[in-house]
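Structure, as structure tokens:
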Amino acid sequence: MSQKAAPNSKLWRNMLLAFLVGGLICTIGQGVMSWMQALGLSREDGGAITSISLIFLSALLTGFNCYDNIAKHAGAGTLVPITGFANAMVSPALEFKREGFILGVGAKMFSIAGPVILYGSAASVVYGLILAIFG
Amino acid sequence: MELLLTLGKAFFVGGLFCAVGQVLIDKTKLTPARILVGYVVAGVLLSALGLYQPIVDFAGAGATVPLTGFGHLLATGVQKAVTEKGFLGVLTGGLTASAAGITAAMIFGLLVALIFNPGDKS
């Protein structure tokens, strides 16, 4: 009985972990955001400081090898938030340090972030063109 | 009390975005890179259709912290830039709006690579 249910219950367990860890990261972000707004910052500036804070935390935890350890259990919970994007830049940058600062750190930093920035920008340009022509 | 509600909404909606990502990891063969690209492009698309702003208004960081929020930032950036500058804004809007996050990730990544060594254990 428990064996039969295993694959499905594993998915539910992974989803719950992703939900809890991802939710927690967003809650920390909201904490920073609410704090910045209480200090009188605009939504835009507060959002930027929130992103920078989370990226800083993620980079630090990646340096101490903590983020990747949490990610083993949290799956999408640590991948989907902006901290996962930061980890995808910092982790290969550190890992390929031995290949030098140009083709190691400099290039490998963008192996995942590059496509994200490229296709995100491409989508925004398509949207911008539609707005500029028909808007 | 109001702060608790704000935090709770961010937790719940942000958690949902991640739970959906977990289903994609477990049920499809999508690599993490493809999922991140998919989330950003989906964020641009949903924002262009006007569907993402209501989620941001409701959940705050619960909608802006997941990578769909990065797409939302690109889309709102290009919207603003096109309104202000016309066609030039098509090319400047996205990265201008997301410059803080991208530059922060690059610089912190460089600093970590300078300070730490691969395999360092805490």
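Throughout, read-outs are computed from the coordinates displayed, never taken from laboratory work. Keep in mind the model is a prediction, meaning the values are calculated, not measured. Cβ atoms come from the backbone with ideal geometry, glycine included; neighbour counts cover every protein chain shown.
Descriptive notes on the structure:
- Helical mean residue ellipticity (222 nm; -39500 (n - 2.57) per DSSP H run of 4+; nearest 500) of the protein assembly as shown: -27500 deg cm²/dmol
- Percentage, to the nearest whole number, of Cα pairs in the protein assembly as shown over 23 Å apart: 51
- Rounded to the nearest whole angstrom, the semi-axes of the ellipsoid equivalent to segment A:6-95, taken from the Cα gyration tensor as √(5λ), stand at 26, 18, 8, largest first.
- Here the dipole of chain A is about 480 debye; that uses its Cα centre as origin and unit charges on the Cβ of Lys and Arg (positive) and Asp and Glu (negative).
- For the protein assembly as shown, the dipole from Cβ point charges (+1 on Lys and Arg, -1 on Asp and Glu) about the Cα centre works out to 680 debye, to the nearest 20.
- Across segment A:60-68, computed HN-Hα scalar couplings (Karplus, 6.51 cos²θ - 1.76 cosθ + 1.60, θ = phi - 60°) run 5, 5, 5, x, 7, 6, 7, 4, 5 Hz from first to last residue, x flagging Gly and Pro.
- Estimated vicinal HN-Hα couplings, Hz - segment B:9-17 in sequence order (Karplus 6.51, -1.76, 1.60; Gly, Pro = x): 5, 4, 4, 5, 5, x, x, 4, 4
- Under Karplus coefficients 6.51, -1.76 and 1.60, residue-wise ³J(HN,Hα) of segment B:51-63 in Hz, glycine/proline x: 8, 8, 4, x, 5, 5, 4, 7, 10, x, 4, x, 9
- Cα centre as origin, Lys/Arg/Asp/Glu Cβ charges: chain B dipole, Debye: 280
- Here, P(r) means the percent of Cα pairs in each 10 Å bin from 0 to the largest distance; for segment B:30-122 it is 16, 36, 31, 13, 4, 0.
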